[in-house]
Each structure stands twice: as structure tokens, then as C-alpha cells.
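The values are calculated or read from the model by the stated rules, or taken from the named source; none is laboratory data. Please read these numbers as outputs of a predicted model, since none were measured by experiment. For neighbour counting, all protein chains shown are included, and Cβ atoms are generated from backbone atoms with ideal geometry for every residue, glycine included.
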Amino acid sequence: MENKELVRIASQVRRDIVRMVSAVNSGHPGGSLGCTDFLTYLYFEQMKHNAASFSMDGKNEDLFFLSNGHISPVWYSVLARAGYFPVSELGTFRKLSTRLQGHPSTDKGLPGIRMASGSLGQGLSVGVGAAQVKKLNNDPSIVYTLHGDGELQEGQIWEAAMYAAANKVDNIIATIDDNGRQIDGDIDQVLSLGDLGQKWQAFGWEVLRMNGHDFDSIRTTMQAAKALTGKGKPIVIIMKTEMGQGVDYMMGSHKWHGVAPNAEQLEAALQQLEETLGDY
Amino acid sequence: MEFEIFGNKDTRSGFGEGLAELGQTHPNVVALCADLTGSLKMDAFQKANPDRFFQTGIAEANMIGLAAGMTIGGKIPFTGTFANFSTGRVYDQIRQSVAYSKKNVKICASHAGLTLGEDGATHQVLEDIGMMRMLPNMTVIVPADFNQTKQATIAIADHEGPVYLRFGRPVMPIFVKPDAKFVIGKADVLTEGTDVTIIACGHMVWKSIEALKALHEIGISAELINMHTIKPLDEEAILKSVAKTGCVVTAEEHMMNGGLGEAVSQVLSRKNPVPQEYVAVNDSFGESGTPMELMTKYHIDTPDVVEAVKRAISRKTILI
């Protein structure tokens with residue numbers, strides 16, 4: 001897919017995100033906007049997956065687990081735009097009886113979701129387990145996970161990191177949304193992660209880095225990551241992003257982590273995001 | 001009321017034998033253990049199926065997450081560690097990644113209750129039944145002896161959904177027939193009686209069997225129910241028995257709060273309120289000691305069942 005087509009999809013996804021959270025005056029736009037380009041690339045170019053007939057087992061498909069479940073708006077939008085469920089359903093986000101729960105769940109049967117997430121730190125374990133089963137099943141597909149950088153403060157992440165390397169789980173590609181911010185402020189001020197690359201290396205992972213807002217960088221790095229699978233080491237990508245990317249007043253701050261824009265702010269955001277595929 | 005005894009063994013060994021059998025009969029069963037393979041008697045499965053055994057090290061949270069992930073692709077994971085580390089330590093992981101996500105994980109928990117013994121209160125969990133039965137989608141099973149633990153282990157592999165299987169360490173008499181069929185949610189009525197219903201689970205079923213003799217000698221006819229499944233609870237068996245006896249004693253190696261007794265009382269209070277007495281630990285942590293010393297000190301022993309029965313029956317009389 002050409003970059004300009006990915007850019008068009010991402011622009012629509014960003015519109016979806018701000019409209020979804022604004023409509024219910026809740027949700028997490030900041031990280032969602034920051035991971036839009038990555039998830040767009042993942043679902044529209046990188047992964048081998050079957051949107052038309054979703055199966056929980058996902059045999060012979062690549063799998064994706066969102067560990068930082070609070071950025072559900074971007075995932076829901078990308079899933080809908082990729083054909084997992086009707087785009088119109090995005091209008092039910094966070095409303096009573098919706099399949100689009102505040103944080104992703106399997107409970108209401110939304111196609112595309114294989115595990116609940118929201119309570120942080122659990123998705124890497126889940127992804128590693130699913131990856132080991134792919135090996136048992138002689139399924140050559142790859143498991144992808146996404147994590148917030150703040151989420152890496154959870155100890156379970158490092159249990160899973162240690163386990164994956166020790167057991168040579170080399171069919172998993174984890175990505176870290178390195179936006180440097182969390183609810184209470186900048187990560188370096190809340191609880192510094194130190195040298196993240198060195199940490200993952202010390203835990204036995206292949207470490208790659210990319211710019212999460214440059215489709216050339218994303219493509220090159222994701223292809224390199226895929227080429228590194230099957231070589232005895234798990235792979236992590238530290239992805240530099242900007243929280244709130246694409247909406248000027250949301251960028252450069254942690255303030256829009258979990259705050260929805262009001263009607264006026266929404267209008268200002270939509271002015272900056274071209275409607276390319278038609279609003280839901 | 002003669003019970004045929006088939007020897008003496010620990011319930012954890014029943015789990016180990018059941019798991020080993022599943023290794024042969026169920027190719028989709030996988031097992032995970034957090035550095036307690038010997039204690040959980042998982043060695044036989046590990047030896048016969050090294051590719052389906054996953055040693056997670058001392059990292060229980062990761063173990064639960066791995067197990068949840070392993071269901072995706074069709075595996076049936078059995079996790080093994082002590083009951084304390086199978087529940088309280090990983091409650092949020094079970095809640096989100098197993099129960100809420102409805103994953104087909106079997107959480108197998110050994111060394112439950114006071115009868116872990118000398119290790120003391122840090123390892124003696126008495127709250128686990130309560131924690132697990134509070135979780136939606138969770139099935140909670142507490143088998144009574146070696147044979148039943150083996151049968152339950154095999155049965156839960158064919159049950160779709162999250163299961164908590166609780167067993168223990170001490171060697172106890174085996175009284176469930178080796179060829180009995182384990183049916184989840186269907187209580188075993190061990191003796192029929194007319195004066196009192198004793199509803200017990202786990203090791204307390206044997207303690208209640210011991211109590212039957214003393215009760216018989218003083219002319220009390222007790223109906224003993226082995227309530228091996230705490231959730232879903234066999235309400236029909238409870239109500240049918242209570243309609244006949246008019247009072248209940250529940251007996252469990254667990255805290256009074258949240259356990260079998262409370263589950264039974266929820267049924268009785270709604271459907272047929274009758275006097276109920278509890279044989280359970282009363283809002284207290286355990287301590288070091290031999291299993292049998294601890295059962296005596298914390299009042300979950302045979303004489304405690306007998307006394308509870310007397311209290312229940314006396315309250316029934318007063319009410320009438």
C-alpha cells in the first residue's frame with residue numbers, strides 16, 4: 001500500500017477517535033492518536049489476518065493483542081475500517097450494552113478482540129502464550145502486541161520478557177508506544193524507565209527503533225522485525241510517538257491522556273483532520 | 001454406615017495422576033507450573049509430554065497470562081502452584097485475562113487451607129474459595145479425596161470455561177470409589193439421614209465421615225453430602241435434604257467468610273431458612289503446626305462437626 005493511502009486511512013481513524021470520545025465525554029484520545037499510524041500500518045499492510053470471518057483461535061493468522069487497553073478508540077476504529085464490524089457501530093462506543101466497551105473485552109463478542117485488557121501489564125504474557133501455541137500448532141504466523149511506555153512500570157511485563165527470551169519465543173513482535181507521558185505527567189518525572197533499550201537487550205530481546213509517525217520508518221522497521229522472527233530471540237520495537245499526534249492542541253502534553261474534547265474543541269480538531277473515508 | 005476405604009493418599013497426587021492421564025488422552029492439554037513441579041505432582045506429565053509442559057519460574061502472574069494466551073489456538077492449559085499463589089497473588093490476572101475473557105484455563109491449586117501445616121500462615125490460604133466463587137464465569141471445585149481429585153482433574157478438561165480446582169497436601173483416607181464418575185455441579189449424598197444435613201467439601205468430608213460414628217452412637221441420624229462443587233452449587237441437593245432434616249451444618253477447611261457455608265446459606269436464606277452451623281475458620285490466619293494439630297486448634301476437626309450438629313439440632317427444636 002502506498003504511503004498516501006495509509007495517510008488517508010490514518011486521517012479518518014483520527015477523526016473517528018476524537019468524534020468517539022467527544023460524543024461520550026470520556027475515553028483516551030492522546031495515546032489513541034499517537035498510535036494511529038502504527039495500527040493503521042499493522043492492519044492494512046503488515047498482518048496476515050481475516051477481517052471477514054473472525055475466529056477466536058486465529059489459526060494461520062497473525063494475532064494482535066492491545067495490552068494498553070485504554071487506547072481502545074484507535075483499535076476500534078482501525079478494526080471497523082479494516083472490515084471487522086460495521087463502521088456505524090463506532091457510534092456506540094462506551095454506551096450502554098455496546099460491544100465497544102470502554103476498555104476492550106471479549107465479553108460482548110466484538111470481532112477482532114481475543115482478550116480483555118485495561119488493567120495494565122498483562123498483554124505481553126498473553127501474547128507470549130499465544131505465540132508458544134502457534135509453535136505447538138506448527139503455525140508460522142506472528143503475534144504482535146502493543147504496550148504503553150508507562151505500562152512497563154508493571155512488574156508482570158518483565159516476568160513475561162524474561163520468560164520469552166529464556167524460552168526462545170521468537171515469533172512475537174512487541175511494540176512500545178514511547179511517548180514519554182503517563183496520566184500524572186512525564187514518565188521521567190513519575191517513574192523513569194531508565195535506558196529502555198538497554199533494559200530489553202539485557203532481558204534478551206532484539207531491540208529495534210522507529211518513528212511511529214513516518215510510514216517509511218514504520219515499514220522498514222516492521223519488515224526488519226519480521227525478518228528477525230524465527231532466529232531464537234523475541235523482538236521489541238521502541239516506537240517514538242507524540243501523544244495527541246494530529247491535533248495541535250493535544251500535542252506536547254500529557255493532559256489529553258484521558259480527557260475528551262468538548263464540542264468546540266472537537267470542531268477545532270476536525271478542522272485539522274481530513275475526512276477521507278466518510279465519517280461513521 | 002460402613003465406608004469402604006481404598007487406602008491413604010494425598011489429594012495432590014490425585015491431581016498428578018489425573019493430569020498424567022490427560023497427557024495421554026487429551027493432546028490439547030498443556031500444563032504450566034511456577035517452580036513447584038514436584039509439590040504439585042506434575043512430574044509425570046512433564047516427563048511424558050515435555051513439549052506440552054511449560055516451566056514459568058517463580059512468576060505466577062506471567063503464568064496466568066501465558067495460560068490465558070495459550071487458549072487462543074485451542075489448547076487447554078492447566079496451571080499449577082500453591083493455592084495462595086494461584087488466587088490472591090494473581091487475582092487481577094485471573095479476573096481480567098481468564099474469568100472476564102472466558103478463557104478455558106484450569107487453575108489447579110495445591111496445599112490449600114491449614115493442612116499445608118508447618119509453613120505457616122504465609123502459605124495457608126483460607127480465603128481462596130471466597131475469592132474464586134465471587135468471579136463471574138468461574139467454576140469452583142474442591143474434591144474430597146485422592147480418587148475424587150483424579151476424577152475431577154479429568155472431568156474439568158472436558159468442561160469449557162475457567163475452573164478453579166482446589167486440593168491439598170496431607171495424606172488422608174480414600175473413600176470415593178475408583179470408578180466413580182465425577183459430575184461437575186452434582187453433589188454426592190454419602191449417607192441418608194433425617195435429623196441433620198452435613199454439607200462438607202475437601203478434607204472436611206472425611207472429618208464428617210468420622211463424625212458420623214459419634215453421632216450415630218448418640219442417636220443422631222445425619223445425612224452427609226459431599227459438596228465437591230462450590231460453584232455452580234447443587235441447590236437441588238441442598239433443598240431436598242433440608243426439607244427432610246430441617247437443619248444444616250457446613251464443614252470446610254476455609255474461612256467462614258466467603259466459603260461453602262456462606263454459599264449454602266445464600267440458598268437457604270432465599271429458599272428455605274433453617275438453622276445452620278458453620279465448621280470453618282473464624283476470621284483468623286493460620287500458623288505453623290502439624291496439619292492435624294492445626295485442624296484441632298482452629299476447630300475444623302471431627303469433634304467440631306459433632307458439636308456443630310448438636311447446636312444445629314438444638315436450634316431446630318427451639319424453633320419448633
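Among the numbered conditions (1) within 14 Å of another protein chain (Cβ to nearest Cβ); (2) free of Cβ contacts under 8 Å to residues at least 24 places away in the same chain, the only one that A:S192 does not meet is (1). Filtering segment A:130-143 to residues that are buried (at least 24 other Cβ atoms within 10 Å of the Cβ) and either more than 9 Å from chain B (Cβ to nearest Cβ) or outside any helix (DSSP H, G or I) (or both) leaves only A:V143.
One line per residue, one yes/no per condition, for (1) without any contact (Cβ under 8 Å) to a residue 12 or more places away in the chain; (2) on the phi < 0 side of the Ramachandran plot; (3) of a type in the set (D, E, K, R):
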site: B:Q96; (1), (2), (3): yes, yes, no
site: B:A109; (1), (2), (3): no, yes, no
site: B:D128; (1), (2), (3): no, yes, yes
site: B:M132; (1), (2), (3): no, yes, no
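Can you go through B:G246, B:G289 and tell me which one is in the same structural domain as B:L215 (by TED's automatic domain parsing), of a type outside the set (F, W, Y) and farther than 28 Å from B:E118 by Cα? Reasoning before the result, please.
Details: B:G289 fails: farther than 28 Å from B:E118 by Cα.
One residue alone meets the criteria, B:G246.
Using the structure shown, decide if B:M172 is more than 11 Å from the chain's Cα centre (by Cα) and not polar (S, T, N, Q). So B:M172 fits the description; yes. Selection of segment A:168-200 for residues being closer than 18 Å to A:L146 by Cα and assigned to a helix (DSSP H, G or I) yields A:I187, A:L196, A:G197, A:K199, A:W200. Here is the figure for segment A:229-253: residues that are buried (at least 24 other Cβ atoms within 10 Å of the Cβ) and either at pLDDT below 95 or assigned to a loop (DSSP other than H, G, I, E, B) (or both) total 4. Of all the numbered requirements in (1) touching a residue at least 40 places away in the same chain (Cβ under 8 Å); (2) out of contact with any strand residue (DSSP E or B) (no Cβ under 6 Å at 6 or more places or on another chain); (3) within 14 Å of another protein chain (Cβ to nearest Cβ), B:V105 misses one, and that requirement is (2).
Take A:L100 and decide whether it is within 21 Å of B:V98 (Cβ to Cβ) and of a type in the set (A, V, I, L, M, F, W, C). Before you say what the answer is, go through the steps one by one.
On the way: within 21 Å of B:V98 (Cβ to Cβ): no; of a type in the set (A, V, I, L, M, F, W, C): yes.
The answer is no for A:L100.
For segment A:127-144, the count of residues that are within 14 Å of the chain's Cα centre (by Cα) and either of a type in the set (S, T, N, Q) or more than 18 Å from A:Q46 (Cβ to Cβ) (or both) is zero. Among the residues making up segment B:231-264, those that are under 22 Å from B:L135 (Cα atoms), in a helix (DSSP H, G or I) and in contact with a Lys or Arg (Cβ under 8 Å, 6 or more places away or on another chain) are B:E235, B:A263.
Taking segment B:14-45 as the range and being of a type outside the set (A, V, I, L, M, F, W, C) and under 17 Å from B:A157 (Cα atoms) as the test, the residues that pass are B:G14, B:G16, B:E17, B:G18, B:E21, B:G23, B:Q24, B:T25, B:H26, B:P27, B:N28. Residue pairs whose Cβ atoms lie under 8 Å apart, sitting 6 or more positions apart in sequence or on different chains, and linking a residue in segment B:269-283 that is touching a residue at least 12 places away in the same chain (Cβ under 8 Å) to a partner that is part of a loop (DSSP other than H, G, I, E, B) and of a type in the set (F, W, Y), are B:V281/B:Y298.
A:A165 passes every criterion in (1) free of Cβ contacts under 8 Å to residues at least 60 places away in the same chain; (2) more than 7 Å from chain B (Cβ to nearest Cβ); (3) part of a helix (DSSP H, G or I) apart from (1).
Among the candidates B:V274, B:V267, B:V242, the residue that is under 28 Å from B:E2 (Cβ atoms) and modelled with pLDDT of 95 or more is uniquely B:V242. Within segment A:30-75, being on the phi > 0 side of the Ramachandran plot and either of a type in the set (A, V, I, L, M) or in contact with a Gly (Cβ under 8 Å, 6 or more places away or on another chain) (or both) holds for one residue alone: A:G58.
How many residues does segment B:19-64 contain that are within 22 Å of B:A112 (Cα to Cα) and either free of Cβ contacts under 8 Å to residues at least 40 places away in the same chain or not in a strand (DSSP E or B) (or both)?
Result for segment B:19-64: 24.
Among the residues making up segment A:44-72, those that are in contact (Cβ under 8 Å) with a residue 60 or more places away in the chain, under 28 Å from A:Q156 (Cα atoms) and of a type in the set (A, V, I, L, M, F, W, C) are A:M47, A:L63, A:F64, A:F65, A:L66, A:I71.
Right, A:S125: within 7 Å of another protein chain (Cβ to nearest Cβ), closer than 17 Å to B:M70 by Cβ and at pLDDT 95 or above or not? In short, yes.
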